[in-house]
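Remarks on the structure that follows.
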Amino acid sequence: MLTKFLDFFGWARANSPWMVHYCSGCCSLEILALMGPRFDWERYGFMPVPSPRQADFIVITGLVSRKVLPVLLMTYDQMPKPRYVFAIGSCAFDGGPYYDSTSVVTNIPEILPPDVFVAGCPPTPEAILEGLLEMKKIIREKREAKAEKEGTWREILKQELEKNPLLAKQPFFVGG
Ligand code: SF4
């Protein structure tokens with residue numbers, strides 16, 4: 001009986017994934033396009049939420065600056081398990097057009113490995129939607145999130161918290 005209940009909750013979760021509403025770069029404009037009437041992503045059950053505490057996955061929308069990185073990692077750390085990472089845009093892969101900037105993080109996959117990555121600068125809404133459907137599949141199959149077994153995000157977050165203990169006191173309710 002309990003297994004059937006858990007199966008039901010797993011099914012419901014996979015069919016209505018919530019994403020923490022976190023926008024770091026200009027790829028986020030394509031996410032806005034997905035919300036509009038043309039693509040209407042809510043018909044697939046996707047829903048942005050303003051708190052990491054209820055989110056199934058986090059979206060890295062392209063560029064991540066060095067200043068924003070600790071907040072991104074702290075937000076991910078506050079999500080319940082299993083917590084997945086969805087990344088879009090070449091900036092989230094290797095810095096993209098900002099590959100030689102000293103203020104941009106150019107190795108996000110090494111720090112917080114995405115479970116789904118959609119390439120492009122920016123990727124089209126159609127490509128992002130494909131990636132989101134893949135994310136639904138990953139949630140349905142209850143695969144282990146890549147960032148739980150790989151990535152240096154825990155060490156980096158620890159160092160950041162040692163440098164700035166106030167970071168841990170921030171209520172990171174993001175988006176709006
Ligand atoms: S990949 Fe292109 S569109 Fe996306 S954040 Fe980087 S510069 Fe902006």
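Things to note:
- Residue among ALA147, ALA87, ALA92, ALA127 that is out of contact with any Pro (no Cβ under 8 Å at 6 or more places or on another chain) and small (Gly, Ala, Ser): ALA127
- Filtered by the rule that a residue be modelled with pLDDT of 95 or more, farther than 21 Å from ASP77 by Cα and either within 12 Å of the ligand (Cβ to nearest atom) or in a loop (DSSP other than H, G, I, E, B) (or both), segment 128-146 gives a lone residue, ILE128.
- Only residues that are surrounded by fewer than 19 Cβ atoms within 10 Å (Cβ to Cβ) and within 11 Å of the ligand (Cβ to nearest atom) were counted in segment 102-123, giving 3.
- Within segment 55-84, tally of residues that are within 16 Å of the ligand (Cβ to nearest atom) and either acidic (Asp, Glu) or touching a Pro at 6+ places or on another chain (Cβ under 8 Å) (or both): 3
The values are calculated or read from the model by the stated rules, or taken from the named source; none is laboratory data. The structure presented is a predicted model; accordingly, all values stated were derived computationally and were not measured. Cβ atoms come from the backbone with ideal geometry, glycine included; neighbour counts cover every protein chain shown.
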